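Notes follow the structure.
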Amino acid sequence: MKRSIIITGGAGFIGSHVVRLFVNKYPEYQIICLDKLTYAGNLANLKDLEGKPNYKFEKVDICDFDAVLSLMKLEKVDGIIHLAAESHVDRSIKDPFTFAKTNVLGTLSLLQAARLCWEPVGYEGKRFYHISTDEVYGALEMTRPDGVNPPFTTKASSGSHHLAYGEEFFTEDMKYQPHSPYSAAKASSDHFVRAFHDTYGLPTVVTNCSNNYGPYQFPEKLIPLFVNNIRLRKPLPVYGKGENVRDWLYVEDHARAIDLIFHEGKAGETYNIGGFNEWKNIDVIKLLIRTTDRLLGRPEGADDDLITYVTDRAGHDLRYAIDSRKLQSELGWEPSLQFEEGIEKTVRWYLDNQDWLDGVTSGDYQKYYDEMYRNR
Ligand code: NAD
Ligand code: TYD
């Protein structure tokens, strides 16, 4: 079947993996990557797709309603996979307005454009897929600080470290309790998406995923920042005591879930995505140091002294842990990669792509748009 799909935020970390998956897997679809190219958007993330007949890039701000609407009409779009967002909690603490504008008003602009295009012709065959985060649910207690076996295991959590840090998990019917301006803005956008389903019948689907890791993540987030700092022997700023728990998922497993849910998820539904793979930050950091040192030929642990405990993040959520059994049982999705394998693969990618890291940290990557599109 032919389809015309806009993927917003496709030049960012997760978006670039989703665009790549769709362009390569569905040659019959037209894939339009729509991105404003903020500091987090990088066309180098999509270089291998340039020139593919079913791929197109459009530099558009999702908050620009007229631009979104005319692109949707021009391209006869029948699907939107919406990832564009401001995504870094620390930035949201410094600049909450930008987060409200992009994440809330930007989502509203897409919803309204989709509705105006689709309502008159009928919603059959249309889909608005909103990608959200587990952070909207707030933070879980750490009732098992030393960790116990999780009630469910997946490939992601099947390694030597096999722990849950509490009895409670985020389920789809959990109350929203966001704490950071980032998660508050994402929560608000989720509400708007559901409101458009309930009020106008827009065929929406929402997913809330746990922390992603893998290639092409902007080195302001924990894993790429720390790999970059270890390689350059720079301090590793650990917030608080490093005891906070995150539930990590390899980015390509998230992209596979998005593909499945875009095609088979039920309209109006929410699915949580995660691999029952909880880690304390300090344990992730030690694993990163061991892996990076080994791959760089340094004695393992040689860079332990880079660990630097710094003032905790304001409102730092203690524990995230996703219950993804609905997605597993209803649609048959499962993660494919065990965490230590995924970390090895990820660290290796950053070390093999030090030009990418240098380009991103120096700001050079922001020239790619001009270089690629100057003469078109
Ligand atoms: P990212 O920051 O790497 O990428 C965001 C992309 O959105 C960038 O390409 C940026 O240029 C683009 N963008 C920002 N503002 C825009 C605007 N106004 N108009 C058009 N494009 C704009 O983010 P990411 O980590 O890839 O996250 C993607 C989505 O997934 C976000 O919605 C985020 O909330 C969600 N999510 C992320 C994680 C994670 O661990 N990274 C986990 C769960 C959910
Ligand atoms: P991050 O990658 O920013 O993702 P999120 O805040 O969305 O979970 O951070 C992951 C965890 O690592 C979080 O508990 C904060 C912590 N952290 C540090 O300790 N130091 C850092 O420099 C960063 C960026 C994060």
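The values are calculated or read from the model by the stated rules, or taken from the named source; none is laboratory data. Since the structure is predicted, the reported quantities are computational estimates derived from the model, not experimental observations. Because the Cβ atoms are built from the backbone with ideal geometry, glycine has one as well, and the counts that use them run over all protein chains shown. Please note that ligands, DNA and RNA were not included when accessible areas were found on the heavy atoms of the full protein model with its side chains. Shrake-Rupley method; radii C 1.70, N 1.55, O 1.52, S 1.80 Å.
Tabulated data for the structure shown
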quantity: Which of HIS17, HIS197 is most accessible, then next, and so on - probe 1.4 Å; calculated: HIS197, HIS17
quantity: Beta bridges by DSSP in region 3-374, antiparallel share as percent, to the nearest 5; calculated: 10
quantity: Net +/- balance of residues flanking GLY274 in space, Cβ distance below 13 Å, scoring K and R +1, D and E -1; calculated: -3
quantity: The chain: angle of helix 65-74 to the longest principal axis, Cα-based, in degrees nearest 10; calculated: 70
quantity: P(r), alpha carbons of the chain - 20 Å bins starting at zero, rounded %; calculated: 29, 60, 11, 0
quantity: Test item: Cα-centred dipole of region 109-225, Lys/Arg +1 and Asp/Glu -1 on Cβ, debye; calculated: 360
quantity: Net charge dipole size for the chain [Lys, Arg +1 and Asp, Glu -1 on Cβ; Debye, nearest 20]; calculated: 740
quantity: Region 79-223: C-alpha gyration tensor shape, a/c 1.5 cut-off, then a/b vs b/c; calculated: prolate
quantity: The chain, relative contact order [Cα under 8 Å, separation at least 6], %; calculated: 19
quantity: Selected from LEU21, ALA100, TYR365, residue furthest toward positive end of dipole (the chain; charges at beta carbon); calculated: TYR365
quantity: Of all accessible heavy-atom area on region 3-374, the percent that carbon and sulfur account for (1.4 Å); calculated: 50
quantity: Point-charge dipole on Cβ atoms (K/R +1, D/E -1) for region 248-330, about Cα centre, debye to 20; calculated: 80
quantity: Cα coordinate range in region 3-150, projected on the principal axes (Å, largest first); calculated: 54, 32, 31
quantity: THR171-TYR200 pseudo-label distance in nm [points 7 Å out on the Cα-to-Cβ vector]; calculated: 3.3
quantity: When each of LYS73/LYS94; LYS280/LYS345; LYS2/LYS175; LYS59/LYS175 is checked by Cα-Cα distance, pairs over 29 Å; calculated: LYS73/LYS94; LYS2/LYS175; LYS59/LYS175
quantity: Part-to-part distance (alpha-carbon centres) for region 277-346 and region 127-195, which is given in Å; calculated: 16
quantity: Solvent accessible area, Å² - LYS234, 1.4 Å probe, full protein context; calculated: 100
quantity: Region 232-376 - Rg and Dmax from Cα coordinates, angstrom; calculated: 18.9, 52
quantity: For region 56-104 versus region 197-242, the gap between their alpha-carbon centres in whole angstrom; calculated: 18
quantity: Positive dipole terminus of region 1-146, leading residue within GLN112, SER70, MET142 (C-beta point charges); calculated: SER70
quantity: Probe 1.4 Å, protein heavy atoms only - accessible area per residue of region 3-374 in square angstrom; calculated: 40
quantity: For ALA85, net neighbour charge (Lys/Arg +1, Asp/Glu -1) across residues whose Cβ lies under 12 Å away; calculated: 0
quantity: Region 127-144 - phi-based ³J(HN,Hα) in whole Hz, Karplus 6.51/-1.76/1.60, Gly and Pro as x; calculated: 8, 10, 10, 9, 8, 10, 10, 6, 5, 5, 7, x, 10, 9, 6, 9, 7, 10
quantity: Linear extension gain, SER362 paired with THR311, 0.36 nm per residue minus alpha-carbon span; calculated: 15.7 nm
